[in-house]
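In what follows, a single structure is set out as structure tokens and then discussed.
The values are calculated or read from the model by the stated rules, or taken from the named source; none is laboratory data. Quantities reported herein were computed from a predicted structural model and do not represent experimental measurements. Note that we place each Cβ from the backbone using ideal geometry, even for glycine, and neighbour counts take in every protein chain shown. Quick note on the areas: whole protein, heavy atoms, side chains included, nothing else; ligands and nucleic acids left out. Shrake-Rupley method; radii C 1.70, N 1.55, O 1.52, S 1.80 Å.
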Amino acid sequence: MHVIIGGNNKGKVEEAVRKIKEETLNDKVEFLYCDLASMRSIQQFVQRFKMKKIPLHVLVNNAGVMMVPQGTTEDGFEEHFGVNYLGHFLLTNLLLDTLRESGAPGCSARVVTVSSATHYVGELNLDDLQSSGSYSAHAAYAQSKLALVLFTYHLQALLEATGSPVTANVADPGVVDTDLYRHVFWGTRLIKKLFGWYLFKTPDEGAWTSVYAAVTPALEGRGGCYLYNEKETKSLAVTYDLKLQRQLWARSCQMTGITDVTQEVL
């Protein structure tokens, strides 16, 4: 595969590119700058990608922030909701035409969105998506991960309704030993430090389900799945609420300037 890694930390991504090239002997690996906390940056990333005139067979929405102190993105969105959810929502929608052109019957393009088991305790507050009423870092993170599941299911419905050769699935990586935990409660960080080797997956293990969703022949033409440990499982009951999916999608379109085609399509 020709792999493009979008990220906002040039040093870290270039190191990842170097390692991948070294380990796989694949020279078609590159870095393109993309800051999901900025709609302008996302639009520029998409422009640069499209200028390459290459197909897009797999899009993995994997970026995220967790339990960060209350703050806002460049566009004024609460950071968890803006980066984890709206950034991926905009990126995916801007790349949908390329995904459609790249897929074919029997060889669908794929959108893999990484959520989290935290979505099971999440609540979507349509009246306060920005968590401005009373801020809880945990609640804001959980809401963003819940929104990603609702987004995926509605996206899959739109793709199916239009006969697009593209599928959308959710990957739950499990509890993974990464830098994401730097903002959590000190006691949790201590447990992670002492017992992480036993309780947490390594980053490699955490990537398995995303890679499975991206490449397994078993999921050819199948979308709308919530995958954990390479198996389909049930997400939170409310994620299957079609009205809630539509409401969130419509609100997300308003926030990002995307045209909502739901009524025309479904």
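Points to keep in mind about this one:
- The residues packed around S41, meaning those with a beta-carbon under 11 Å from its beta-carbon, carry a net charge of -1 if Lys and Arg are +1 and Asp and Glu are -1.
- Surrounding net charge for D75, when Lys and Arg each add one and Asp and Glu each subtract one, Cβ distance under 13 Å: -3
- Qualifying chymotrypsin sites (Phe, Trp or Tyr not before Pro) in the stretch 71-168, DSSP loop, other Cβ atoms within 10 Å at most 15: Y135
- Euclidean distance between Cα centres, the stretch 252-266 to the stretch 3-30, Å: 34
- Within the chain, helices built from complete DSSP H runs that reach 24 Å or longer along their own axis (Cα positions) and carry a mean Kyte-Doolittle hydropathy of -1.0 or higher are 137-161.
- Top positive-direction residue, dipole computed over the stretch 57-264 with Cβ charges, set N61, A250, V211: V211
- For the stretch 207-266: rounded, prolate or oblate by the Cα gyration tensor [a/c cutoff 1.5]: prolate
- Shape category assigned to the chain from the gyration tensor of Cα positions, a/c cut at 1.5: rounded
- For the stretch 8-22, backbone nitrogen atoms closer than 11 Å to the point 7 Å from D204 Cα along Cα-to-C-beta are found at no residue.
- A 1.4 Å probe run over the stretch 57-264, with the rest of the protein chains in place, finds 47 Å² accessible per residue.
- Sulfur and carbon atoms: percent of accessible area, the stretch 23-142 [1.4 Å]: 52
- Summing charges over all other residues whose Cβ lies under 15 Å from the Cβ of G133, with Lys and Arg as +1 and Asp and Glu as -1, gives -4.
- Neighbour count of at most 13 Cβ within 10 Å plus DSSP loop: longest trypsin sites (Lys or Arg not before Pro)-free window in the chain: 54-233
- What the phi angles of the stretch 56-73 give under the Karplus curve with 6.51, -1.76 and 1.60, with θ = phi - 60°, is a coupling list of 10, 8, 9, 10, 10, 8, 10, 6, x, 10, 9, 6, 6, x, 4, x, 10, 7 Hz, glycine and proline written as x.
- Our estimate of slack between D27 and K10, defined as 0.36 nm per intervening residue step minus the Cα-Cα distance, is 4.3 nm.
- Magnitude of the charge dipole, the chain, Cβ model with Lys/Arg +1 and Asp/Glu -1, debye to 20: 360
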